[in-house]
1. Being among the aliphatic types (A, V, I, L, M), touching a residue at least 12 places away in the same chain (Cβ under 8 Å) and loosely packed, with under 15 Cβ neighbours inside 10 Å narrows it down to one of Val183, Val138, so name that one.
2. Confirm whether Asp147 is more than 12 Å from the ligand (Cβ to nearest atom), assigned to a helix (DSSP H, G or I) and not small (Gly, Ala, Ser).
3. Please go through the range 49-78 and give me each residue that is among the acidic types (Asp, Glu) and either within 20 Å of Gly11 (Cα to Cα) or part of a helix (DSSP H, G or I) (or both), ordered by number.
4. Restricting attention to the range 163-180, and to residues there that are among the polar types (S, T, N, Q) and closer than 21 Å to Ile107 by Cα, which single residue is most open to solvent (accessible area, probe 1.4 Å)?
5. Of the residues in the range 118-132, how many are in a helix (DSSP H, G or I) and within 10 Å of the ligand (Cβ to nearest atom)?
6. Please specify each residue of the range 57-70 satisfying the condition of being under 16 Å from Leu94 (Cβ atoms), open to solvent by 40 Å² or more (accessible area, probe 1.4 Å) and of a type outside the set (Phe, Trp, Tyr).
7. Please determine, by comparing only the residues of the range 80-117 that are among the β-branched types (Val, Ile, Thr) and in contact with a helix residue (DSSP H, G or I) (Cβ under 9 Å, 6 or more places away or on another chain), which one is nearest to the ligand (Cβ to nearest atom).
8. State which residue is farthest from Met91 (Cα to Cα) when the search covers only the range 119-129 and only residues that are over 14 Å from the mean Cα position of the chain (by Cα) and open to solvent by 30 Å² or more (accessible area, probe 1.4 Å).
Amino acid sequence: MLRIAVCVSGGGTNLQAIIDAIRDGRITNAEIVSVISNKPDAYALKRAEENGIKSVCVNRKDYPDKESFYKALMDAVDGAIPDLVVLAGFMVVLPPEMIRKYQRKIINIHPSLIPSFCGDGFYGLKVHEAALARGVKVTGATVHFVDEGTDTGPIIRQKAVDVHEGDTPEILQKRVMEQAEWVIMPEVIDEIANGEINIGMERK
Ligand code: GAR
C-alpha cells in the first residue's frame, strides 16, 4: 500500500479527485494517510473530515518565524510516514530540507502546460488569466516531481485542454480541472502505487 500525504491550501477538488479515484478503483494499492493544510479555513479540510481521513493544519500565522513554521510542516509530513507526498493546490514554497529528504517522492499538479505560465507568481487563477491574456488556444495541466525550483522538476504527465472563444479565467480553470487535473493526477498516483512509475519505493 502506497501511503500518501496530500498537502492542500484551498478548495481541495484535486484531493477529492484522488479520494474518488481510490473509492472507485481507478487508484489501487494506495491510501491517503494524512491531509496537511496551511490554511485553517481550507474547504479541503472538510473534505478530509467527511471522508474519515486524518488531517492537520500548520498555519504560518501560528509560528514566530519561517524556520519554526518549516519545522512544524516537516514534522506533520514526517509524522504521516508517507511513501509519496502530493501537492494538490498547496500554495507554500517547500522547505529545501523537505525537498532533499523526499527527493522524487513529492509530486505537484500545475494548471498549465509547463514551461508555459509557471514559476514564481503563477498559481491558481493567475495562471489562467495569463494564458487568456497571451491568447493561447491550447493550455492544460502538468504533473511533475518537485525539485528546488518553482515548477522546474521533471515532468511526469501533461494533458492539453482547448481554450474557447469567450472563456473567462474561471471558466477556463474549471475546464482544465475537469478535463486534465482530475484525470492525470489520479492516473499518475495509480501508476506510482503499482510500480509503473518508479519513485524508488520498495514494493510491499
Ligand atoms: C488547482 O488548479 C491546482 O492546479 C492549482 O491550484 C488549484 C487548486 O485547486 N495549483 C497551483 O497553481 C500550484 N502552482 P483545488 O484546491 O481545488 O485542488
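The values are calculated or read from the model by the stated rules, or taken from the named source; none is laboratory data. If you're wondering where the values come from, they're calculated on a predicted model, not measured in any experiment. Using ideal geometry, Cβ is built from the backbone for each residue, glycine included, and neighbour counts are taken over all protein chains shown. Note: areas computed on protein heavy atoms with side chains; ligands, DNA, RNA excluded. Shrake-Rupley method; radii C 1.70, N 1.55, O 1.52, S 1.80 Å.
1. Just a single option satisfies the conditions, and that option is Val138.
2. On the way: more than 12 Å from the ligand (Cβ to nearest atom): yes; assigned to a helix (DSSP H, G or I): no; not small (Gly, Ala, Ser): yes.
No.
3. Residues satisfying the conditions are Glu49, Glu50, Asp62, Glu67, Asp75, Asp78.
4. Checked the range 163-180; the qualifying residue most open to solvent (accessible area, probe 1.4 Å) is Gln179.
5. 4
6. Within the range 57-70, Arg60, Lys66, Glu67 qualify.
7. So, considering only residues that are among the β-branched types (Val, Ile, Thr) and in contact with a helix residue (DSSP H, G or I) (Cβ under 9 Å, 6 or more places away or on another chain), the one nearest to the ligand (Cβ to nearest atom) is Ile109.
8. Within the range 119-129, the match that is farthest from Met91 (Cα to Cα) is Glu129.
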